[in-house]
Amino acid sequence: MRADAWRRWALASSFACVAGWGGCALAAQPRLNFDIPSKPLKTALVDLAVQADISISTRAAAGCAPTSRPVRGRFTLQDGLVRMLAGTGCGFRMIDAGAVEIVRLPAAKPVARKAAPTEATPSAALDELVVVATRRPTPSDRLAYAVSAMENSAIAGQGLRDANDLAYTVPAMTVTNLGPGRDKIMLRGLSDGPLTGRTQSMVGLYLDDTRLTYNAPDPDLLLIDMARVEVLRGPQGALYGSGSLGGVLHLVTETPAPDRFDAWIAGNVGATQGGEGTNGLSGMINLPIFKGRGAVRAVLYRDQQGGYIDDIGVDLKNVNHALRSGGRLNVKVDLGGGWTLTGGGAAQFINSDDTQYALRTEPPYTRRNQVREPHDNDFAEAHLNLKGDIGGFLARWTISAVDHDITSRYDASSAPPVALAPGPAAYDDDDRTHSLVTEGSLAPPEDARVQWLVGAFLAHTHQDIDLALMRLADAPAQTLAETRRDTLDEAALYGEATLPFGRSFSATLGGRLFKSKTRVASQTTAFGGPIASFAGALENSGFAPKLVLAYTLSPNALVYVQAAEGYRAGGFNTTGPPRQVFSPGDAVEPRRRYDGDELWSLEAGSKVSLLDGRLRLRTAAFQVSWKDIQSDQLLPSGLPFTANIGDGRNLGLEVEGSYRVAGLQLAANLLFNAPELEKANPAFPVRKDVSLAGVPHRAGGVTVHYDRPLGPDLTLELGGRYAYVGHSHLTFDATAAPLMGDYATGRLAAGLATPRWRTTLALDNPTNARGDTFAYGNPFSLRSTDQVTPLRPRTLSFSVRVAY
């Protein structure tokens with residue numbers, strides 16, 4: 001190696017030493033397995049980011065040598081970077097343990113001199129954050145999609161606990177507020193209402209490569225030990241199939257590190273104004289196994305949220321207390337030859353003592369029931385993932401099993417679905433879902449001129465539903481019950497290819513060929529005798545296409561247009577009181593069978609990076625046409641059924657931006673849209689305002705984070721968040737459509753941090769806003785009472801995290 005190359009290599013190491021928390025302390029890194037041949041430098045750096053599970057900013061690489069050195073073997077992250085960058089004229093700077101910035105090196109001096117310590121320059125925004133929600137690891141700013149990706153440091157810095165918090169920071173994201181483990185997630189102003197019945201989810205929810213739900217509520221996993229959270233907006237039927245009309249929420253966990261021991265423990269306590277306290281405890285441990293060829297990573301947590309709703313009917317205060325506990329275990333093993341095997345599982349258990357709605361006719365945060373309304377959401381999954389190289393192509397195969405058990409009780413005393421003597425009555429819903437999913441895919445190397453992906457998908461889902469109306473006065477007795485069994489089989493072939501035309505233009509063509517079969521069997525009894533039974537089956541098949549045209553204006557700017565389709569399969573209605581008739585035809589609601597719905601989206605967007613990457617702007621304008629919208633509605637008895645409520649559309653504009661300079665980070669998002677029901681089902685009394693349920697015409701938010709060094713290893717951290725949610729209606733039905741929204745909430749936080757520990761003092765909802773959120777309370781009294789679901793009152797919390 002030439003002398004100047006050696007000097008550049010040494011200088012690259014010095015860049016790593018002067019950056020980060022503890023200078024050269026970062027040099028004591030674990031050894032990782034790399035297999036990256038010589039290739040275009042930017043492509044090689046993206047490969048390194050994926051294999052090391054880090055984020056990397058490659059903006060400066062445009063001025064370096066075009067080809068990288070190969071990196072094959074076991075090296076620390078810094079050694080791997082040094083080898084790859086040797087002789088390219090570039091070095092690197094460690095921003096933190098999971099983020100790297102590529103920098104230009106100064107020209108080599110003919111005479112070696114002792115250099116003064118170099119002060120680390122402010123880091124640019126990491127526009128090369130690698131996103132995997134598109135099924136192929138790709139830097140987010142090179143994606144011709146509307147995608148928001150948030151790293152673990154941002155998740156922790158903004159105090160994001162779950163999907164509800166995430167909705168305040170991601171444009172065009174809405175989450176209902178029924179309570180932990182009861183919520184629905186919606187994107188792009190596409191809402192089928194707050195009720196949870198037989199309709200499939202609007203948003204595909206994934207934990208790594210495992211599909212978490214089909215038609216169940218969000219299991220509401222805590223965002224603990226997550227490497228990234230990715231939100232892909234717009235219909236994703238081509239790659240993800242049924243149930244991704246609004247988009248995909250992808251939770252990416254931290255992968256086991258094979259060559260280092262790592263552990264941390266965290267705890268928090270809090271006080272809610274007018275309510276109970278909160279507390280939580282969590283911990284993680286990472287253990288190398290098989291002499292550094294594998295690792296085990298385990299996470300445990302317990303989170304207790306105190307109640308703040310009083311129920312004077314049962315003479316109890318703070319009834320909506322909730323406990324969420326769970327854990328994850330992942331094992332990763334290097335099999336050699338470029339193959340890795342990852343297996344493990346996750347489980348979470350939510351036990352809510354009661355619901356969290358109040359009545360406008362009572363004092364704030366107060367209602368009057370005769371029966372408590374507990375809710376449990378128990379979730380477990382196990383998975384096995386095999387990934388490797390077949391003749392230079394990246395192959396991936398995953399098999400996963402999911403068990404999801406949801407039980408709910410509602411107070412049916414005031415309006416039971418069948419005539420009962422006065423007194424307390426409860427309606428119980430027990431929903432157990434078991435699914436087995438396997439999926440495989442094949443893709444070319446990342447430096448291939450034509451990028452493509454092909455895959456196959458198989459799934460079997462079995463759902464057991466038991467519904468019962470219980471009279472609780474005197475001797476408890478079951479008065480109405482239904483036992484229903486659903487079986488769903490799905491199969492699909494999917495793929496896409498990105499074809500370059502010249503240096504700046506590309507076209508992506510993709511699609512999914514799918515087929516599914518649903519079988520339903522139901523038996524309903526009343527007062528001990530059978531009153532109705534049903535058995536039926538239906539098949540659904542089709543093709544969901546996608547087309548994306550992208551043009552690179554410069555290395556820092558991209559524009560695109562996209563057309564994509566999403567879909568959901570149809571199903572059957574079976575639940576009802578005695579003498580309930582389900583029409584076999586199309587004219588009368590409720591119908592026995594509801595049809596599948598489909599959605600087409602046309603989107604035009606742009607992404608630009610300015611000021612050497614410190615300023616990033618992303619915009620997307622979209623038009624959505626939604627045909628035969630599926631929505632869960634209520635029968636006059638208060639029991640749910642599914643209807644096709646009509647055709648809808650939405651026109652919208654979303655804007656997302658971030659700015660970073662020195663220790664200051666700013667981010668903002670805005671949404672303007674006009675969702676409406678164009679052609680309503682005449683069976684329902686429609687509001688004069690025919691906008692879709694729960695979708696505000698405008699929403700937005702701002703986040704700010706500031707770091708200021710107070711010493712060699714001590715940093716002051718300040719953060720804030722503000723979010724506004726505009727007006728909306730609970731449903732589109734004029735008989736049960738209260739106005740809600742038009743509120744603002746936020747968070748203020750301050751803390752101290754060192755490389756080993758962090759403390760944070762935070763104030764959530766600092767103005768103590770009481771805005772009515774997107775949720776209903778009790779379906780049996782929804783039409784007769786004025787229900788409201790307020791924000792959690794002002795909450796002060798203190799948290800500590802210690803790493804080992």
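The values are calculated or read from the model by the stated rules, or taken from the named source; none is laboratory data. Every value quoted in this text rests on a predicted model; they were computed, and no experiment measured them. No Cβ is skipped: glycine too gets one built from the backbone with ideal geometry, and neighbour counts run over all protein chains shown. Quick note on the areas: whole protein, heavy atoms, side chains included, nothing else; ligands and nucleic acids left out. Shrake-Rupley method; radii C 1.70, N 1.55, O 1.52, S 1.80 Å.
By per-residue mean of other Cβ atoms within 10 Å, what is the highest-first order of 630-641, 268-279? Don't skip to the end; give the middle numbers.
Values: 630-641: 21.3, 268-279: 17.1.
With the highest mean Cβ count within 10 Å placed first, the list reads 630-641, 268-279.
Add -39500 (n - 2.57) for each DSSP H run of 4 or more in the chain, then divide by its residues: what number comes out at 222 nm, to the nearest 500 deg cm²/dmol? Before the final figure, lay out the partial values.
Numbers: 6 runs with 51 residues, N = 804.
Helices in the chain give a 222 nm mean residue ellipticity of -1500 deg cm²/dmol.
Between the stretch 198-268 and the stretch 275-294, what is the separation of their alpha carbon centroids in Å?
Between the Cα centres of the stretch 198-268 and the stretch 275-294 lies a distance of 19 Å.
Please pull out the direction-averaged projected area of the stretch 555-596, using the convex hull of its alpha-carbon atoms, in nm² to one decimal place. Present the calculation step by step, with values, prior to reporting the outcome.
Numbers: hull surface 22.8 nm².
Over all viewing directions, the stretch 555-596 projects a mean Cα-hull area of 5.7 nm².
Leaving ligands, DNA and RNA out of it, report the carbon-plus-sulfur percent of the accessible area of the stretch 435-508 at a 1.4 Å probe. Write down the numbers at each step before the final one.
Details: 2050 of 3240 Å².
Carbon-and-sulfur percentage of accessible area, whole number: 63.
Tell me, what is the per residue accessible area of the stretch 539-666 in Å², probe radius 1.4 Å?
Working: 5280 Å² over 128 residues.
Result: 41 Å² of accessible area for each residue.
Taking the Cα centre of the chain as origin, work out the dipole magnitude from +1 charges on Lys and Arg Cβ and -1 charges on Asp and Glu Cβ, in debye rounded to 20. Display every interim value, and only then the final one.
Values: 80 positive and 82 negative charges, 608 e Å.
Roughly 2920 debye, rounded to the nearest 20.
Determine the relative contact order of the chain: mean sequence separation of Cα pairs under 8 Å and six or more apart, normalised by residue count, in whole percent.
Working: 2306 pairs, mean separation 85.6, N = 804.
Averaging sequence separation for qualifying contacts and normalising by length gives 11 percent for the chain.
Roll a 1.4 Å probe over the protein chains and send me the accessible area per residue for the stretch 738-794 in Å². Each step should come with its number before you reach the end.
Details: 2220 Å² over 57 residues.
Ligands and nucleic acids excluded, the figure is 39 Å² per residue.
Please state the relative contact order of the stretch 451-549 as a whole percent: Cα pairs under 8 Å, 6+ residues apart? Write out the running numbers ahead of the final one.
Working: 227 pairs, mean separation 26.1, N = 99.
The normalised contact order for the stretch 451-549 reaches 26 percent.
Which one of Ala263, Ala295, Gly336 is farthest out on the positive end of the charge dipole of the stretch 243-340, using unit charges on Cβ (Lys, Arg +1; Asp, Glu -1) and the Cα centre as origin?
Gly336
Run the paramagnetic zone check for Tyr551: 7 angstrom along Cα to Cβ, then residues of the stretch 593-613 with backbone nitrogen under 14 Å.
604-607
Just to check I understand the Karplus step: with θ = phi - 60° and J = 6.51 cos²θ - 1.76 cosθ + 1.60, what whole-Hz values come out for the stretch 722-729, glycine and proline as x?
Karplus values, whole Hz, x for Gly and Pro: 9, 9, 10, 10, x, 5, 7, 10.
On a C-alpha basis, how far is the centre of the stretch 532-550 from the centre of the stretch 410-445 in Å? Whole number, if you could?
One Cα centre to the other: 22 Å.
How would you order 296-309, 198-211 from highest to lowest mean count of nearby Cβ atoms within 10 Å?
Values: 296-309: 20.3, 198-211: 23.3.
Top to bottom by mean Cβ count within 10 Å: 198-211, 296-309.
What is the angle, in °, between the Cα long axis of helix 41-52 and the longest principal axis of the Cα atoms in the chain? Nearest 10 is fine, range 0 to 90.
The answer is roughly 60 degrees.
Kindly provide log₁₀ I(q)/I(0) values, in the same order as q = 0.13, 0.20 Å⁻¹, from the Debye equation applied to equal alpha-carbon scatterers of the stretch 378-517.
-0.75, -1.14
Could you sort 245-253, 328-336 so that the peptide with the highest average Cβ count within 10 Å comes first and the rest follow in order?
Ranked by mean Cβ neighbours within 10 Å, highest first: 245-253, 328-336.
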